[in-house]
1. Yes or no: the stretch 62-74 includes at least one residue that is over 19 Å from TRP32 (Cβ atoms), in contact with a Leu (Cβ under 8 Å, 6 or more places away or on another chain), of a type outside the set (Asp, Glu) and part of a helix (DSSP H, G or I).
2. Can you find even one residue in the stretch 39-48 that is of a type in the set (Ser, Thr, Tyr) and at pLDDT 90 or above?
3. For the stretch 1-25, enumerate the residues that are in a loop (DSSP other than H, G, I, E, B) and either within 20 Å of PHE67 (Cβ to Cβ) or among the hydroxyl-bearing types (Ser, Thr, Tyr) (or both).
4. Report whether or not ALA55 is on the phi > 0 side of the Ramachandran plot and either in contact with a strand residue (DSSP E or B) (Cβ under 8 Å, 6 or more places away or on another chain) or without any contact (Cβ under 8 Å) to a residue 60 or more places away in the chain (or both).
Amino acid sequence: ISWTSEQIIDRSRLEIHFHHLKAWTKGMRVAWTFSDTTDGVLVTISHDLRFRILALGPIVNPIIGDFFIHNIANKTLRCMKGYVEARANKVTA
């Protein structure tokens, strides 16, 4: 699975914004929001995908949006969490 997106990092708001430019997710806007918690950092991902064929939206959204996009987002977060925590816990001599 692949796509092309533009990425904008907003350091002051602790957010990363993506605008998908190619693939079936073309036009989708994604925001990653980072919030400090007592347990670490909470990352929230929100998606805004408007289907190019509006009539198909109610049919396709539960399949693509709720299942596929959220599934990929959860896998991405798990991988990112592992990557960041492995480097944060690395002991240097």
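The values are calculated or read from the model by the stated rules, or taken from the named source; none is laboratory data. Just so it is clear, the structure is predicted and the values come from calculations on it, not from any experiment. No Cβ is skipped: glycine too gets one built from the backbone with ideal geometry, and neighbour counts run over all protein chains shown.
1. The answer is yes; a qualifying residue exists.
2. Yes.
3. Correct list: ILE1, SER2, TRP3, SER12, ALA23, TRP24, THR25.
4. When the stated conditions are applied, ALA55 does not pass them.
Results for (1) under 18 Å from the mean Cα position of the chain (by Cα); (2) surrounded by 13 or more Cβ atoms within 10 Å (Cβ to Cβ); (3) aliphatic (A, V, I, L, M), shown as yes or no for each residue.
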site: GLN7; (1), (2), (3): yes, no, no
site: LYS26; (1), (2), (3): yes, yes, no
site: TRP32; (1), (2), (3): yes, yes, no
site: ASP48; (1), (2), (3): yes, no, no
site: PRO58; (1), (2), (3): no, no, no
site: ARG78; (1), (2), (3): yes, no, no
